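S.K.: One structure follows; several queries about it will come next.
Read the figures in this text as sums done on the coordinates, not as results from a lab. Not measured: the values here are computed from a predicted model. Here the Cβ positions follow ideal geometry from the backbone for every residue, glycine too, while neighbour counts run over all protein chains shown.
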Amino acid sequence: MKFQHKSVMLAEVLNALDIKPNGIYLDCTLGGGGHARAIGERLNAGGLLIGIDQDEDAINAATENLSGLACNVKIVRGNFSELDTILDDLGIDELDGVTFDLGVSSYQIDTAQRGFSYMNNAPLDMRMDRRRILTARDVINSYDEDRLIKIFREYGEERFAKRIAAALCRQRKIAALETTGELVKLIEQTVPRTKNGGHPAKRIFQAIRIEVNGELEILADSIKKAVNRLKPGGRLAVITFHSLEDRIIKETLKTLAQGCICPKNFPVCVCNHKATLKILGKAHTPSPEEIELNSRAKSAKLRIAEKILDETSKEEYHDNKT
């Protein structure tokens, strides 16, 4: 299957990054290279575009899609949690802009054999990086009932978590679940379908996918790493697709954008925390026109921030420049 993925809020991301033709830009979720291609087209021969993705199919597609650009291009297969190591290996200290387009790609959902979709029957996999050992099958068949309840509630916000986990544990005593079709059938038999709640398997599939790929646990730290690498005035653009991601991004940016983070009842500051970011406006959402063309963009939110310096850092920065 050809790697196809519509880049969400493309114009808004390009505007957010305020691209400098000779700048250095990092796309932490390269995918097929949609956002990256548009960034690269705005760079000249002195510019550098770096793309990271853990999916081998994405790397292959992006390598083809990003060919022929005037700027330098570096594509790395890896997880964005490793961005410090990746940038060090490339000899890059500072960046002019960083973008994240979080979650699962349309290609991964639509490629049935990857096991991400509840609409296709396939092996229980759901790995974004197929070098990983843990699969959806392992989660479904080896996690105990309490652990299943926990991830269904926390990662899927599923109100029938306990009922579904109990049904899974009963079923696997008879035979292990091997396919997405078997899992969907069990869920459909266990919980009622609501008129406006979507398919009853949707939240469970989201929860399992997040667990398999460790998606949420790396977000806050990765955002902090990216911000540390930004030059003064450098921009960060992050797209999320569900409330769990967005909550982590929102709170992380808020913390980085504020000074003292001591409890309010402390008489004096002891944390010495300094703001390193300025949040640029409220979260952006796709236009009605974009949603009409791409229904998967409906839940997307774009948050934008700019790197700033505290007064001490400003003095050190200007001293180094003179």
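S.K.: Expressed in nm to one decimal, what extension gain is obtained for the pair ALA220 and ALA257 from 0.36 nm per residue of sequence separation less their Cα-Cα distance?
M.R.: Working: separation 37, 0.36 × 37 = 13.32 nm, distance 1.37 nm.
Difference between extended and current length: 12.0 nm.
S.K.: Enter the angle in degrees (range 0 to 90, nearest 10) between the Cα long axis of helix 180-190 and the first principal axis of the Cα atoms of the chain, meaning the one along which they spread out most.
M.R.: With rounding to tens, the tilt is 70 degrees.
S.K.: Give me the percent of DSSP beta bridges within the chain that run antiparallel, rounded to the nearest 5. Write out the running numbers ahead of the final one.
M.R.: Numbers: 11 of 30 bridges.
Close to 35 percent.
S.K.: To continue, here is another question. With unit charges on the beta carbons (Lys and Arg positive, Asp and Glu negative) and the dipole taken about the Cα centre of the chain, which residue among ALA16, ILE208, ILE223 sits farthest to the positive side?
M.R.: ILE208
S.K.: Find which of LEU43, LEU148, THR135 sits farthest along the positive direction of the dipole of the chain, computed with +1 on the beta-carbon of Lys and Arg, -1 on that of Asp and Glu, about the Cα centre.
M.R.: LEU148
S.K.: Among ARG235, ARG172, ARG137, rank each residue by its count of other Cβ atoms within 10 Å, from fewest to most, as a rough exposure measure.
M.R.: ARG172, ARG137, ARG235
S.K.: With the cut-off at 22 Å, tell me which of the pairs LYS150/LYS173; LYS250/LYS274; LYS20/LYS274 have Cα atoms farther apart than that.
M.R.: Where the Cα-Cα span goes over 22 Å, the pairs concerned are LYS20/LYS274.
S.K.: Arranged by the count of other C-beta atoms within 10 angstrom, fewest first, what order do THR194, THR179 take? Numbers along the way, then the final one.
M.R.: Numbers: THR194 9, THR179 15.
Arranged by neighbour count, lowest to highest, THR194, THR179 become THR194, THR179.
S.K.: Towards the positive end of the charge dipole of the chain, with charges on Cβ (+1 Lys, Arg; -1 Asp, Glu), say which of CYS71, HIS273, ALA122 has the farthest Cα.
M.R.: Of the candidates, ALA122 comes out farthest on the positive side.
S.K.: Using a simple charge model, +1 on the beta-carbon of Lys and Arg, -1 on the beta-carbon of Asp and Glu, nothing else, what dipole does the chain show about its Cα centre, in debye to the nearest 20? Numbers along the way, then the final one.
M.R.: Values: 47 positive and 46 negative charges, 245 e Å.
The dipole of the chain has a size of about 1180 debye.
S.K.: While we're here: Report ³J(HN,Hα) in whole Hz for each residue of region 224-239, in order, from the Karplus equation J = 6.51 cos²θ - 1.76 cosθ + 1.60 where θ = phi - 60°; Gly and Pro get x.
M.R.: Listing the rounded values in order: 5, 4, 4, 5, 4, 8, 6, 6, x, x, x, 10, 10, 10, 10, 9 Hz.
S.K.: What FRET efficiency comes out for the pair ARG193/LYS150, r = Cβ-Cβ distance, R0 = 25 Å, nearest 0.05?
M.R.: 0.55
S.K.: Take PHE116, PHE80, PHE241 and order them by how many other Cβ atoms sit within 10 Å, fewest up front. Let's see the in-between values first.
M.R.: Details: PHE116 27, PHE80 24, PHE241 19.
If I rank by nearby Cβ atoms, fewest first, I get PHE241, PHE80, PHE116.
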